[in-house]
Amino acid sequence: MLGSSLKHPAMADFLFAAAGLVLAMVAAGLARILWGPGDADRIMAAQLLGTGGIAALLLLGEATNVPAALDVALTLVLLAAFISVAFVKGATRSEADGA
Amino acid sequence: MAFDIGLALLVLGVGAWTVAARDTFAAVVGFVAYGLLLALVWVRLAAPDVALTEAALGSGLTGGLLVSASTRLRRAETRAVDERQPASLRLAAAVLCTLVSAGVAAIVLLLPEPAPTLAPQAMVNMAATGLGNPVTAVLMAYRAIDTLLETVVLLLALVGIWSLAPDRVGVASPVRAIRLSPTGC
Amino acid sequence: MSAALNGLTILAVCAGAFFFLAGTVGLLRFPDTLSRLHALTKADNLGLGLVVLGLLFQAEGLLAALKLISVWLLALLAGATVTQLIAHTARPSGPQA
């Protein structure tokens with residue numbers, strides 16, 4: 001179908017570099033977990049880390065020819081939704097308690 | 001190579017920050033981020049099955065549990081911060097943790113190569129079990145009594161928690177109505 | 001043919017990385033929680049979408065392509081739901097204040 005099993009080595013290097021770039025930017029976004037003046041900011045930084053991690057995982061899987069990375073990314077994206085909802089519930093309930 | 005070094009540094013940094021974070025909720029968010037990065041590390045180490053488990057259980061479910069625990073502990077947190085342990089106790093704990101970590105690192109580095117393994121024998125006898133997957137064969141056939149007793153242990157732990165928890169904590173009854181606020185969150 | 005596909009992949013992945021960069025910069029530099037949320041959704045939808053599009057050209061087989069697309073669709077769904085909840089956390093009282 002589309003693409004071939006023999007990848008051009010420069011292509012693999014490019015995808016690798018792209019994965020590294022996405023990861024570096026997501027790492028910079030982690031600073032928001034550090035500073036974030038509210039819980040919402042921390043949850044947002046975690047969400048960015050999740051999406052960036054999924055993108056880096058997809059790129060990695062393609063660059064190093066590990067097809068199972070796609071399955072891991074699928075699991076992660078399903079969990080990211082539930083974890084974010086759990087975080088939001090945790091944040092709102094504690095604020096409602098007046099703590 | 002640079003990617004791996006960067007990933008390792010990132011994992012260490014997030015782990016250190018999670019330990020040093022002041023607020024429990026922030027630490028739990030850091031923990032989930034740490035688990036996600038660990039899943040990436042496992043993929044780099046050519047172990048996608050472990051990466052799946054890490055992503056689903058290690059950071060996903062455990063993170064959800066920890067968030068729920070941290071919200072219940074929020075009221076007690078201010079009191080706990082005031083009761084700080086004396087510096088000598090904390091120093092002793094730090095020394096003990098360092099020794100244990102050094103011991104584990106030494107054991108891992110001194111492992112024999114190639115590692116001794118029963119995998120060939122397990123594969124040879126798999127036809128008799130009728131299962132396709134060697135890991136399933138170990139869990140269900142070769143170590144079946146082990147798995148059964150683990151189930152018994154889990155059940156006993158659950159019954160213990162249900163019996164001993166006070167009613168106001170709310171875990172005593174297995175069926176509990178979940179109340180939703182009007183906003184739905 | 002494969003050179004054209006490779007070129008398209010490079011283009012799409014670069015664009016996706018750019019959107020991730022924009023989203024991260026927005027998350028770090030915007031003054032307000034809600035505007036940071038806006039930046040985050042751009043990284044989520046467009047960044048991941050363009051990366052997935054680029055990788056679709058390299059995909060081997062229909063199943064891999066379907067998995068890639070479903071990853072993006074699920075991320076969209078998760079993002080749409082969660083941003084509503086996060087915005088409600090940040091400002092529960094409504095548009096004023």
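Tell me yes or no: at least one residue of segment C:36-52 is under 21 Å from A:Gln47 (Cα atoms), among the hydroxyl-bearing types (Ser, Thr, Tyr) and in contact with a helix residue (DSSP H, G or I) (Cβ under 6 Å, 6 or more places away or on another chain).
Yes, that holds for at least one residue.
Looking at segment B:102-117, is at least one residue surrounded by 10 or more Cβ atoms within 10 Å (Cβ to Cβ) and touching a residue at least 40 places away in the same chain (Cβ under 8 Å)?
No; the residues of segment B:102-117 include none that is surrounded by 10 or more Cβ atoms within 10 Å (Cβ to Cβ) and touching a residue at least 40 places away in the same chain (Cβ under 8 Å).
Of the residues that make up segment C:62-69, is at least one touching a residue at least 12 places away in the same chain (Cβ under 8 Å) and closer than 19 Å to A:Ala81 by Cβ? Full working, then the answer.
Step one: filter segment C:62-69 for residues touching a residue at least 12 places away in the same chain (Cβ under 8 Å), giving C:68-69.
When the remaining residues are screened for being closer than 19 Å to A:Ala81 by Cβ, the result is C:68-69.
Yes, because at least one residue in segment C:62-69 is touching a residue at least 12 places away in the same chain (Cβ under 8 Å) and closer than 19 Å to A:Ala81 by Cβ.
Quick check on A:Thr64: is it of a type in the set (S, T, N, Q), farther than 14 Å from B:Gly60 by Cβ and buried (at least 20 other Cβ atoms within 10 Å of the Cβ)?
The answer is no for A:Thr64.
Kindly provide the set of residues from segment A:58-72 that are facing chain B (nearest Cβ under 9 Å) and touching a residue at least 24 places away in the same chain (Cβ under 8 Å), ordered by number.
Matches in segment A:58-72: A:Leu60, A:Thr64.
Inspect segment C:48-68 for any residue being among the acidic types (Asp, Glu), part of a helix (DSSP H, G or I) and facing chain A (nearest Cβ under 8 Å) and give the result as yes or no.
No, the conditions are met nowhere in segment C:48-68.
For segment A:43-69, how many residues are part of a helix (DSSP H, G or I) and among the β-branched types (Val, Ile, Thr)?
Our first condition is that a residue be part of a helix (DSSP H, G or I); within segment A:43-69, this holds for A:43-63, A:68-69.
Of the ones still in play, those that are also among the β-branched types (Val, Ile, Thr) are A:43, A:51, A:54.
Here the count works out to 3.
State whether the residues of segment C:35-46 include one that is in a helix (DSSP H, G or I), within 26 Å of A:Pro67 (Cα to Cα), more than 10 Å from chain A (Cβ to nearest Cβ) and under 14 Å from the mean Cα position of the chain (by Cα).
yes
Out of the residues in segment C:69-97 that are at pLDDT 90 or above and within 8 Å of another protein chain (Cβ to nearest Cβ), which is surrounded by the fewest Cβ atoms within 10 Å (Cβ to Cβ)?
If we take residues in segment C:69-97 being at pLDDT 90 or above and within 8 Å of another protein chain (Cβ to nearest Cβ), then C:Ser70 is surrounded by the fewest Cβ atoms within 10 Å (Cβ to Cβ).
On the given criteria, is C:Leu55 surrounded by fewer than 20 Cβ atoms within 10 Å (Cβ to Cβ) and under 26 Å from A:Asp71 (Cβ atoms)?
In short, no.
Among the residues of segment B:52-60, is there at least one that is part of a loop (DSSP other than H, G, I, E, B), in contact with a helix residue (DSSP H, G or I) (Cβ under 9 Å, 6 or more places away or on another chain) and free of Cβ contacts under 8 Å to residues at least 40 places away in the same chain?
Step one: of segment B:52-60, the residues part of a loop (DSSP other than H, G, I, E, B) are none.
No: zero hits.
From the list B:Val95, B:Val32, which one is in a helix (DSSP H, G or I) and in contact (Cβ under 8 Å) with a residue 24 or more places away in the chain? Please lay out each step first, then the result.
Values: B:Val95 fails: in contact (Cβ under 8 Å) with a residue 24 or more places away in the chain.
Selected residue: B:Val32, the only one of B:Val95, B:Val32 that is in a helix (DSSP H, G or I) and in contact (Cβ under 8 Å) with a residue 24 or more places away in the chain.
For B:Ala56, indicate whether it is at pLDDT 85 or above and either in contact with a Pro (Cβ under 7 Å, 6 or more places away or on another chain) or within 9 Å of another protein chain (Cβ to nearest Cβ) (or both).
yes
Checking the conditions here, which among A:Thr51, A:Thr75 is of a type outside the set (Phe, Trp, Tyr), without any contact (Cβ under 8 Å) to a residue 60 or more places away in the chain and more than 9 Å from chain C (Cβ to nearest Cβ)?
Exactly one residue qualifies, and that residue is A:Thr75.
Take segment B:10-35 and flag every residue that is over 15 Å from A:Gly29 (Cα atoms), within 9 Å of chain A (Cβ to nearest Cβ) and surrounded by fewer than 19 Cβ atoms within 10 Å (Cβ to Cβ).
Of everything in segment B:10-35, those that are over 15 Å from A:Gly29 (Cα atoms), within 9 Å of chain A (Cβ to nearest Cβ) and surrounded by fewer than 19 Cβ atoms within 10 Å (Cβ to Cβ) turn out to be B:Ala21, B:Asp23.
The values are calculated or read from the model by the stated rules, or taken from the named source; none is laboratory data. None of these values were measured; they are calculated from a predicted model. A quick note on method: Cβ atoms are made from the backbone with ideal geometry, for glycine too, and the neighbour counts reach across all protein chains shown.
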